[in-house]
Amino acid sequence: MAQKKLLTNGTTSKCNDGRWHGTVWYLDEAGERKRSAFSGVSKKDVEKKIERTTYDRYECTARNQIYPALGDKLVEDITAADIKSLLNRMMNDGYAYTTVKKVHNLLNEYYKSLTERELIRRNPMTAAPMMKKANFLAAQDKENLPTCETVTVFTDEELDKFKAEAFTLYGNGERKYMQASAFTLLLNTGLRTGELLGLLNSDVDLDNRVIHVQRGVKEVYRRDGTEIDSGREVKVGKLKSATSKRDVPLNDTAIEAIKDLRNEFYFGEDTPLVCDQQGKYTRPVNFRKRYYKILKNAGIEQKGAHSFRHTFASRLVNGVKQPDGSLLCLSPKQVADLLGHSTSEITEMYYVKRDNTRLVGITDGFAL
């Protein structure tokens, strides 16, 4: 299957009617120079549609999942049976439902575009619908759990093990791991990893016990036009969404973590809080490698660093038992504001692992 090649990272401009317009130039399957146009109510809407990291993800899905299976066929010769065969093979090979759905979505958008531009006569995707999640998981002999039940969090025992390993010292008194307190800060603020790595020292206001989240860090492929050069580069820019720009309060533990990070490395107010040894932004890949190494050495089952964010949300909503026996907790809406979510429904469904043990005996005082 011939491949499109992106020629630019896209340009944006404001139209006379107040809407924003974006353009991306590319080579089509025949090698002809073409362009795709995007529009939206704001510049951010358009930039999101042509975001380079999104292109990276699409390209990765196409290269690793689609081209090996369908790359030797002409686009117009690919049938619904070919696509169903690819999806079923991935399902039988144990791929996650979300991974297979990404493949289906990418093919669906690709063929939709070709059909709308009348470059092909038929769209095979109309006869190759995505299998329902319940049926997909049943075929893999997996239980279709509610989304909130699949949220990964740290147990108290795992947190104790993680902290003990993260702050391990060598015989000479030096720490085994750089930036150990960064993980403590994640756990006590609910920040995304990219948000944490994007913090400057000037974003931290210890007097008022707050941090101002204003930017994020991503890692993208280096490109010459659309051709990938060797290696990846750090990209500092906009946050995930409009609600991601927020002020996050700091508790005592978070403040101590910040002081510890500054004691380890500090190159000025305009430099990253979690910086490397040269005072530059820490590469997300290096931060993740350090995190996974701590997990492995602590004997903790592998889980993503996003689990700190899930743990933060779950503890705040489920509540923490106080010395007097009372339960200290926040509402889902309050936690959504802390996490930068647009709605509390997102927080409850995707970030909070419900602790049903808290319900034991809760109805004892009700006589109905």
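Relative to the Cα centre, the charge distribution of the range 156-350, modelled as +1 at Lys and Arg Cβ and -1 at Asp and Glu Cβ, gives a dipole magnitude of about 580 debye. Which entries of LYS112/LYS238; LYS112/LYS235; LYS259/LYS353; LYS73/LYS102 show an alpha-carbon separation above 28 angstrom in the structure shown? Correct reply: LYS112/LYS238; LYS112/LYS235; LYS259/LYS353. Checking every one of the GluC sites (Glu not before Pro) in the range 293-368 against DSSP loop status and a limit of 12 other Cβ atoms within 10 Å picks out GLU301.
Pairwise Cα distances in the range 156-350 exceed 31 Å for 19 percent of all pairs. Counting every other Cβ atom within 10 Å of each residue's Cβ, PHE154, PHE366 order from fewest to most as PHE366, PHE154.
Taking a Cβ cut-off of under 9 Å around PRO332, the surrounding Lys, Arg, Asp and Glu residues balance to a net charge of -1, with basic ones at +1 and acidic ones at -1.
Cβ-to-Cβ counts within 10 Å put ARG354, ARG121, ARG290, ARG57 in ascending order as ARG121, ARG57, ARG354, ARG290, the fewest first. Computed over the range 254-355, the Cα gyration tensor eigenvalues convert (square root of 5λ each) into semi-axes of 29, 18, 16 Å, ordered from largest to smallest. The convex hull of the Cα atoms of the range 74-144, projected and averaged over all directions, covers 4.6 nm². Which of the residue pairs LYS161/LYS303; LYS240/LYS296; LYS142/LYS293 have a Cα-Cα distance greater than 25 Å in the structure shown? Going by Cα-Cα distance, LYS240/LYS296; LYS142/LYS293 fall outside the 25 Å limit.
The numbers here are math on the coordinates, done by the rules we state, and not lab data. Predicted model, so just to flag it, every value in this text is computed and none were measured. Positions of Cβ are backbone-derived with ideal geometry, glycine not excepted, and every protein chain shown enters the neighbour counts.
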